[in-house]
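A quick write-up on the structure given underneath.
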Amino acid sequence: MSNEIELKFEIEQATIKPISQFFESLMILQHDTYHLENTYYDTPDNYLKSHHSSIRVRGIQTHSQTKQYEITVKSSGHAIAGLHQRLEYNANLPNKTLDLSVLPQDILPKTVDLDSLAKQLQAQFTTNFTRRMWLVAFNQSKIEIALDCGSITIPNGHQIPIQEIELELKTGNSIDLITFALQISQFRIHLFSQSKAARGYRLLKRQSIGNMNTISLDHLQLKSALTKLLKFWQTNEEYALTNHDLIIYQYTLSQVNAHLTKILSSIEGVETKQELKRIFNQWSLQVLSIKDIGLFAYSEINNQLKLWLIRLLLTLSDQ
């Protein structure tokens, strides 16, 4: 089982062509395009979801190869803004039939018996999308870029679109991943905390995105305070974008502004403090006159500030 570290972004239709051209200009080690068909399974009472796990069967079709199949088990791990860290296990399958016998017994919670689970699993929803993939060399790292366009579909035929970019660290260090993401923040993209599986479950259950009304960072250490603040910011930003709620968005950003002012004035010994404060000051000036949620949420300065804060969190985790 590998530990997957990736950044996820939503993108607009108009961004696809220019950002693809940018990816083509990089030091490309591998490039491919393929179609992915994925079926997600769970028990009728959503046992896997409630235990922060998922099982999917994926069909992979490239131009040059016959269709291949694999089963994947993922833990939900944790997401900070658009940074996702989780455990993942993959195994090849001969066809699209679900087969848990290829999985090690300890891949799921200890209380789970794979034979018993296999009898209860049912298809819940599917994701179907075309993926353009670039594996690039960047600084001391290798980063896989995935541009996904398609849809999530539940059994009654209802769909929601997939239009996103994933940056996955294959080898190297996480700071390179953040540095690369800062380069593509020049395009209209938006850090995104929701996995395809989470969106599929919400569509299936007809659940809307929630929001956080208040936030208190009293008596928290720096790492905990930043983690909580980024969750508040990201959750409410995604809520505001979905529900076109400018009042919630303005309130959220005013809270982020106030808390970050206190946090950044108190940090000591951080190598990137001056650059972080410079970005924050620019962001603070623009927050004062927001009239359009999407325009600001997808802006370069908004993404840059989040990425610099994620970078700081990763640095603190390494200490």
Quiz prompt | Matching option when the condition is polar (S, T, N, Q) and part of a strand (DSSP E or B), among GLN163, GLN183 | solution = GLN163
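Rundown of residues vs (1) assigned by TED's automatic domain parsing to the domain that holds THR126; (2) among the aliphatic types (A, V, I, L, M); (3) under 30 Å from GLN304 (Cα atoms), yes/no style:
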{"site": "ILE16", "(1), (2), (3)": "yes, yes, yes"}
{"site": "SER25", "(1), (2), (3)": "yes, no, yes"}
{"site": "HIS31", "(1), (2), (3)": "yes, no, yes"}
{"site": "THR43", "(1), (2), (3)": "yes, no, no"}
{"site": "LEU48", "(1), (2), (3)": "yes, yes, no"}
{"site": "GLN65", "(1), (2), (3)": "yes, no, no"}
Self-check item: Candidate set: the range 64-88, residues that are over 18 Å from the mean Cα position of the chain (by Cα) and among the hydroxyl-bearing types (Ser, Thr, Tyr); chosen: the one modelled with the lowest pLDDT
Solution: SER64
Quiz prompt | Residues that are buried (at least 18 other Cβ atoms within 10 Å of the Cβ) and either under 15 Å from the mean Cα position of the chain (by Cα) or not in a helix (DSSP H, G or I) (or both), drawn from the range 169-180 | solution = LEU169, SER174, LEU177, ILE178
Quiz item: In the range 1-85, which strands (runs of 3 or more DSSP E) lie fully inside it and hold 3 or more residues that are surrounded by fewer than 14 Cβ atoms within 10 Å (Cβ to Cβ)?
Solution: 28-42
Quiz item: Residues of the range 91-138 being closer than 16 Å to THR72 by Cα, assigned to a helix (DSSP H, G or I) and not acidic (Asp, Glu), which ones?
Solution: LEU100, SER101, VAL102, GLN105, ILE107, LEU114, LEU117, ALA118
Quiz item: What number of residues within the range 288-298 are assigned to a loop (DSSP other than H, G, I, E, B) and either over 23 Å from the mean Cα position of the chain (by Cα) or without any contact (Cβ under 8 Å) to a residue 40 or more places away in the chain (or both)?
Solution: 5
Practice problem: With the condition kept exactly as written, say whether any residue in the range 96-103 is surrounded by 15 or more Cβ atoms within 10 Å (Cβ to Cβ), under 24 Å from LYS8 (Cβ atoms) and assigned by TED's automatic domain parsing to the domain that holds THR39. | Solution: no
Quiz prompt | Check on ASN92, among the polar types (S, T, N, Q), in contact with a helix residue (DSSP H, G or I) (Cβ under 9 Å, 6 or more places away or on another chain) and on the phi > 0 side of the Ramachandran plot | solution = no
Practice problem: Evaluate the following for GLN140: is it loosely packed, with under 12 Cβ neighbours inside 10 Å, under 24 Å from GLN159 (Cα atoms) and assigned by TED's automatic domain parsing to the domain that holds ASP176? | Solution: no
Quiz prompt | Sole residue being among the hydroxyl-bearing types (Ser, Thr, Tyr), more than 18 Å from THR315 (Cβ to Cβ) and in the same structural domain as GLU10 (by TED's automatic domain parsing), chosen from THR153, THR179 | solution = THR153
Self-check item: Residues (part of a helix (DSSP H, G or I) and either surrounded by 15 or more Cβ atoms within 10 Å (Cβ to Cβ) or in contact (Cβ under 8 Å) with a residue 60 or more places away in the chain (or both)) located in the range 199-219
Solution: ARG199, GLY200, TYR201, ARG202, LEU203, LEU204
Self-check item: Out of ILE209, ILE215, ILE189, sole residue that is closer than 30 Å to TYR40 by Cβ, of a type in the set (Val, Ile, Thr) and touching a helix residue (DSSP H, G or I) at 6+ places or on another chain (Cβ under 6 Å)
Solution: ILE209
Quiz item: Do we find that LEU203 is out of contact with any helix residue (DSSP H, G or I) (no Cβ under 6 Å at 6 or more places or on another chain) and under 24 Å from ILE293 (Cα atoms) in this structure?
Solution: yes
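The values are calculated or read from the model by the stated rules, or taken from the named source; none is laboratory data. What you see is a predicted model, and the numbers here were worked out from it, not measured in a lab. Cβ atoms come from the backbone with ideal geometry, glycine included; neighbour counts cover every protein chain shown.
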